[in-house]
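*Asks:* Quick one: the structure is below, questions incoming.
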Amino acid sequence: MEWNHSTDVVVIGAGAAGLAAAVSARDHGASVVLVEENFDIGGHAMLSGGRVQLGGGNALQKKFDIEDSPDRVYADWTAHKRGDSRYNDRDLVRTFADECVPTFQFLLDNGVTFIEKPIVTPDASTVPRVFVTHEWHIPSEVIAPRRNRNGSGLVRRLAESARSKGVQILLKHEMTQVVRDPPRGRVLGIVVQADGKDVAIEARKGVVIATGGHTGNVNFRRIFDPRLTEEYQQAGLPYSFQGADGELAAMDVGASLWAAGTQTSEVGPAITKTRHVGTRWGYLSLYYETDSPIFHLAKATGLTVTDWQEAILVNQFGQRFWNELDSSYDFLNVALGNHGDKTKLNGGGPIWAIFDANAVARQKWKPKPPHVDPDGYFYSADTIFELAGRIANPYQKQPISGAVLQDTVNRYNSFVTSGIDADFNKPTPLHKIEKPPFYAAWSTPILHDSLTGLRTDTNAQVIDTRGEIIPGLYCAGESQGGFAQHGLGRCLVFGRLAGRHAAQRNS
């Protein structure tokens, strides 16, 4: 291999894990090149709420007299009663628990600031361990401004620190290959594509994969759940794509996956009910305002549903399938289930919210662009029958019957009259769907967490299919498997450890 550039450590991906790895490697004396395929840094963390799950007795916990310890963190995240902890790799959790406090201090040392108020989260923690970073102070650099995208403050501060310490950050550089010395030697570097050309970057000490997860890769995500076919969109898009690039490149040089069962443990936001309907990207807490620098890609804000009494949800055949007020995995499993399409047995197909002009008035929605996307994700008509005929979407494999949708609406209206949902026990249906115009809005479940990925040891070194370390290859963040924790904590801990170990490794 003829190298175009040479450095000690190459980090792939400039999200929370990759930035932590780059800064950590630089702190330990290594020269660092960080490559990022996007036009800007941040990844999913840029769009996150900035909740940092790092307990164990960190500085802010002590300030608020919250008693915690590494042992308690470990006990919580290996508890057998919870689906988000029972399957975790105990070695990884032990390391995470022991490194929470040093990682929190690492963030403080690199300029990250926190809102001094502990947050209680619905995860395996038995004491408050989450503190939220401040949102970045320049709205044009937040990507989704004015919607509490506090994660922007985390990644912008880390990127600022990385650059000041001499990390070279190369944007619009897409990794295409991890290069390993054959047949089973150490990893030598990577190949990226930039401006249509291949660029080979040597890594004298190590390569850190921090490319995100796999929710954007239909073929790859179906390894873990065959139901997740092409209609299910990915949170973070159209800004941060998780295409399994890191996992696939590592697997090409022998890497193994780990803890695959945790992806379908039915705990946390791996799959979620949408909240903003009528747009392709309707993830719960992510809302692209019209002043977002990527709004031309998002195309619509969506209509935020605050009360699911305002609409019914129908499947690809125009039929109700569950109680609309439910957001649990019971709802999600039915939504993802096949409803009778013999040509498409996996995947539940599109879900549409059906409502009328009265619902629009009550919710104070504005059912026109830029609030909705009429290019396949939002429709209106003066009759229910006509509305069904207008629904056309790349993932809608067959037209919805006007007669079926009308029967569905008529039956639901009869439940409103009787006060009893005889089909799905929706508590006291309140509103008939009767005043034109009528609307159909995209409401298909959306994917978020990658909870499984590459197998690593406690130093974040990637392990191959024979259980042996691949020399010089590391992984952290959502592309790392074995620890099913939602949020930024595990990404930061193992990113920091990966950078440190890579920098200290003999060439």
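The values are calculated or read from the model by the stated rules, or taken from the named source; none is laboratory data. Just so you know, these numbers come straight off a predicted model, no measurement behind them. We place every Cβ from the backbone using ideal geometry, glycine too, and count neighbours over all the protein chains shown.
*Asks:* Please go through segment 392-429 and give me each residue that is on the phi < 0 side of the Ramachandran plot and small (G, A, S), ordered by number.
*Replies:* A392, S401, G402, A403, S414, S418, A422, listed by residue number.
*Asks:* Right, here's the next one. Condition (residue is at pLDDT 95 or above, touching a Pro at 6+ places or on another chain (Cβ under 9 Å) and of a type in the set (K, R)) applied to segment 265-286: is it met by at least one residue?
*Replies:* The answer is yes, given that some residue of segment 265-286 is at pLDDT 95 or above, touching a Pro at 6+ places or on another chain (Cβ under 9 Å) and of a type in the set (K, R).
*Asks:* Going by what's in this entry, would F295 be described as modelled with pLDDT of 95 or more, in contact with a helix residue (DSSP H, G or I) (Cβ under 8 Å, 6 or more places away or on another chain) and surrounded by fewer than 23 Cβ atoms within 10 Å (Cβ to Cβ)?
*Replies:* No, not satisfied.
*Asks:* Any residue at all in segment 467-478 that's within 30 Å of V101 (Cα to Cα), outside the structural domain of G347 (by TED's automatic domain parsing), in contact with a strand residue (DSSP E or B) (Cβ under 7 Å, 6 or more places away or on another chain) and surrounded by fewer than 18 Cβ atoms within 10 Å (Cβ to Cβ)?
*Replies:* yes
*Asks:* Only one of A75, A45, A79, A97 is aliphatic (A, V, I, L, M) and modelled with pLDDT under 95; which? Lay out the reasoning, then the answer.
*Replies:* Working: A75 fails: modelled with pLDDT under 95; A45 fails: modelled with pLDDT under 95; A97 fails: modelled with pLDDT under 95.
None of the other options fit; the residue is A79.
*Asks:* While we're looking at this one, here's another question. In segment 1-43, what count of residues is obtained for those that are touching an Asp or Glu at 6+ places or on another chain (Cβ under 6 Å) and of a type in the set (G, A, S)?
*Replies:* Within segment 1-43, residues that are touching an Asp or Glu at 6+ places or on another chain (Cβ under 6 Å) and of a type in the set (G, A, S) number 4.
*Asks:* I'd like to check something: does segment 291-306 contain any residue that is over 26 Å from the mean Cα position of the chain (by Cα) and either assigned by TED's automatic domain parsing to the domain that holds Y379 or not in a loop (DSSP other than H, G, I, E, B) (or both)?
*Replies:* Step one: filter segment 291-306 for residues over 26 Å from the mean Cα position of the chain (by Cα), giving none.
No, every residue in segment 291-306 fails to be over 26 Å from the mean Cα position of the chain (by Cα) and either assigned by TED's automatic domain parsing to the domain that holds Y379 or not in a loop (DSSP other than H, G, I, E, B) (or both).
*Asks:* While we're here: Any idea how many residues of segment 340-399 are among the aliphatic types (A, V, I, L, M), in a loop (DSSP other than H, G, I, E, B) and surrounded by fewer than 16 Cβ atoms within 10 Å (Cβ to Cβ)?
*Replies:* Number of matching residues: 2.
*Asks:* Could you check segment 400-424 and list, in sequence order, the residues that are part of a loop (DSSP other than H, G, I, E, B) and under 16 Å from Q309 (Cβ atoms)?
*Replies:* Answer for segment 400-424, where residues must be part of a loop (DSSP other than H, G, I, E, B) and under 16 Å from Q309 (Cβ atoms): G419, I420, D421, D423, F424.
Condition check ((1) of a type in the set (D, E); (2) out of contact with any strand residue (DSSP E or B) (no Cβ under 8 Å at 6 or more places or on another chain)) across all residues:
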position	(1), (2)
A194	no, no
R204	no, no
V208	no, no
G212	no, yes
R221	no, no
L228	no, no
E231	yes, yes
A235	no, no
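*Asks:* From the set of residues in segment 131-149 that are within 30 Å of S265 (Cα to Cα) and surrounded by fewer than 21 Cβ atoms within 10 Å (Cβ to Cβ), which is modelled with the highest pLDDT?
*Replies:* So the residue we want is N148.
*Asks:* Further question on the same structure: Counting only residues that are surrounded by 15 or more Cβ atoms within 10 Å (Cβ to Cβ) and without any contact (Cβ under 8 Å) to a residue 24 or more places away in the chain, which one in segment 302-332 is farthest from Y412 (Cα to Cα)?
*Replies:* If we take residues in segment 302-332 being surrounded by 15 or more Cβ atoms within 10 Å (Cβ to Cβ) and without any contact (Cβ under 8 Å) to a residue 24 or more places away in the chain, then D326 is farthest from Y412 (Cα to Cα).
*Asks:* Please find, within segment 208-236, the residue that is surrounded by the fewest Cβ atoms within 10 Å (Cβ to Cβ) out of those that are in contact with a Gly (Cβ under 6 Å, 6 or more places away or on another chain) and among the hydrophobic types (A, V, I, L, M, F, W, C).
*Replies:* Out of the qualifying residues, it is A210.
*Asks:* If you take the residues of segment 101-121 that are under 16 Å from A59 (Cβ atoms) and of a type in the set (V, I, T), which of them is surrounded by the most Cβ atoms within 10 Å (Cβ to Cβ)?
*Replies:* In this case the residue turns out to be T103.
*Asks:* So, one more: Quick one: in segment 405-435, of everything that is touching a residue at least 60 places away in the same chain (Cβ under 8 Å) and surrounded by fewer than 15 Cβ atoms within 10 Å (Cβ to Cβ), which residue is nearest to Q263 (Cα to Cα)?
*Replies:* N425
*Asks:* How many of the residues in segment 425-475 are over 24 Å from T306 (Cβ atoms), in a loop (DSSP other than H, G, I, E, B) and under 26 Å from the mean Cα position of the chain (by Cα)?
*Replies:* 9
*Asks:* Additional query: Please indicate, with yes or no, whether at least one residue in segment 479-488 is small (G, A, S), surrounded by fewer than 24 Cβ atoms within 10 Å (Cβ to Cβ), in the same structural domain as D27 (by TED's automatic domain parsing) and farther than 22 Å from A357 by Cα.
*Replies:* yes
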